[in-house]
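Since every read-out is calculated from the coordinates, none of them should be taken as a lab result. None of these values were measured; they are calculated from a predicted model. Every residue, glycine as well, gets a Cβ built from its backbone with ideal geometry; the counts of neighbours run over all protein chains shown.
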Amino acid sequence: MSRKTKRNLPPSSPAPEQPATIARRNSRRSLIAGLAVLLVVAALAAYALRDRSADPASTRGDALLSEHSPTLGEATAKVHVVEFLDPACETCAQFYPVVKQLIAENPGRIRLSVRHVAFHEGADHVVRILEASRAQDRYWETLEALLQTQAQWAPHHTVRPDLVEPVVARVGLDMQRLVQDMNAAEVGERVTRDRDDAIALKVTATPEYFVNGRPLPEFGYEPLLALVREELDRNY
């Protein structure tokens with residue numbers, strides 16, 4: 001049959017596919033579908049790994065390192081409470097005696113490290129006063145004086161610097177030196193470190209507590225006491 005004759009014939013129906021051809025096509029489709037599933041699983045695993053790496057225990061531990069912070073209690077204590085505190089925070093003033101009492105009731109077993117964050121208007125000024133008071137070994141006296149008189153110098157949670165100075169002066173601070181130390185590079189570095197670590201730990205309100213690196217499951221007196229007692233039982 002010549003090519004010309006063949007060209008003038010109507011198109012013939014395609015030959016039916018052989019079972020082997022169909023099997024090969026189905027196999028190829030299954031392979032592609034399997035690869036797609038593997039890609040999805042790998043993407044989900046990578047996302048989960050990234051999500052864990054954003055807040056693993058090690059990363060949280062780095063943000064909770066508090067060697068630069070004022071610490072109350074024995075350095076050898078096995079229960080370490082890290083508190084993020086705003087000196088103008090009313091709840092911080094209410095909770096501070098609770099933590100201090102816990103330390104007193106468990107001598108040598110609990111230590112407290114205070115980290116400063118300034119959420120309330122003007123609180124950054126008071127944070128610098130607290131940090132500067134450390135140079136005169138008057139930090140805890142200054143903190144307690146400020147918390148006890150908080151309603152006087154922070155009406156409606158807004159700091160009045162002119163009302164803060166008389167309070168801290170009564171602690172026995174050298175006020176001229178205090179003003180100089182407030183602007184010291186070391187003070188600025190500590191303030192920045194606390195702020196950055198608070199951001200890394202997603203601290204959005206104060207007081208915020210971590211007990212041996214563990215955050216409170218929910219905020220309140222009882223959850224705090226329960227977590228501290230759990231860590232005491234675990235370590236002693």
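Residue by residue, the range 157-171 carries 3J(HN,Hα) couplings of 6, 10, 6, 10, x, 5, 8, 6, 4, x, 5, 6, 5, 5, 6 Hz when phi is fed to the Karplus relation 6.51 cos²θ - 1.76 cosθ + 1.60 (θ = phi - 60°); x denotes Gly or Pro. Sequence-ordered 3J(HN,Hα) estimates for the range 194-208 from the Karplus curve with 6.51, -1.76 and 1.60 and θ = phi - 60° stand at 4, 5, 5, 5, 4, 5, 4, 8, 6, 6, 10, 8, 10, x, 10 Hz, glycine and proline given as x. Phi angles of the range 222-233 translate, via the Karplus equation with coefficients 6.51, -1.76, 1.60 and θ = phi - 60°, into HN-Hα couplings of 4, x, 5, 4, 5, 5, 5, 5, 4, 6, 5, 5 Hz per residue; Gly and Pro are given as x. As a proxy for reagent exposure, ranking Leu85, Leu65 by other Cβ atoms within 10 Å from fewest up yields Leu65, Leu85.
Can you pull the Rg over Rh of the range 67-235, Cα-only, Kirkwood? Spell out each step's value before the answer.
On the way: Rg = 15.6 Å, Rh = 16.3 Å.
Here Rg/Rh amounts to 0.96.
For Val117, the residues 5 or more places off, or on other chains, whose built amide H falls under 5 Å of its own are Leu85, Asp86. Kirkwood analysis of the range 103-201, using all unique Cα-Cα pairs, places the hydrodynamic radius at 14.3 Å. Using only Cα coordinates, the Kirkwood hydrodynamic radius of the range 74-148 works out to 13.0 Å.
Positive-end ranking of Tyr96, His157, Met182 along the dipole of the range 67-235, with charges on Cβ about the Cα centre, is headed by Tyr96.
Close amide H partners of Glu208, meaning residues 5 or more places away or on another chain with modelled amide H under 5 Å apart, are Phe84.
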